[in-house]
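Worksheet: one structure, shown below.
Read-outs throughout are calculated quantities, based only on the coordinates presented, and are distinct from any laboratory measurement. Since we're looking at a predicted model, the values are computed, not measured. All Cβ positions, glycine included, derive from the backbone under ideal geometry; neighbour counts span all protein chains shown.
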């Protein structure tokens, strides 16, 4: 997708899954991105990365909407071991609203990346985050049994998100 998206390109949703696939459950975002990419949906572009970087801003600006997928500590994930929620723009003057200190590093948050897309390309697409409980961070390419146990349910939620217009 080009930074100046056509209306056809804007009809495409974007899923970005990230994390370290060599550190067990930290790689759940990448595992979900790989699974979603295998569905070969015409309306879904999938990016799998180790971390979010400013170089993703053009793809965000061109997308119809975005789903960020990452791991988080189990206590924050909620009772089902995962949560899907909208990423709302920070209010003017709110916490971190004016903080651009991380925008040009090689690791940014989803919100910082969305703000960068808006600043550079004039568009911040609607965005959601899907956070999955990470139970283990050992040196392994396999997800822990606890994280693996919610994967089917999480992938069903991603499919539902892909079907929402």
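When every alpha-carbon pair in the range 9-163 is counted, what percent end up more than 18 Å apart?
57
Stretch residue 55-residue 22 to full length: gain in nm at 0.36 nm per residue minus the Cα-Cα span?
Separation in residues times 0.36 nm, less the Cα-Cα distance, equals 9.6 nm.
Highest first, please rank the peptides 124-133, 32-41, 62-71 by the mean number of other Cβ atoms sitting within 10 Å of their residues.
For the peptides 124-133, 32-41, 62-71, the packing ranking is 62-71, 124-133, 32-41.
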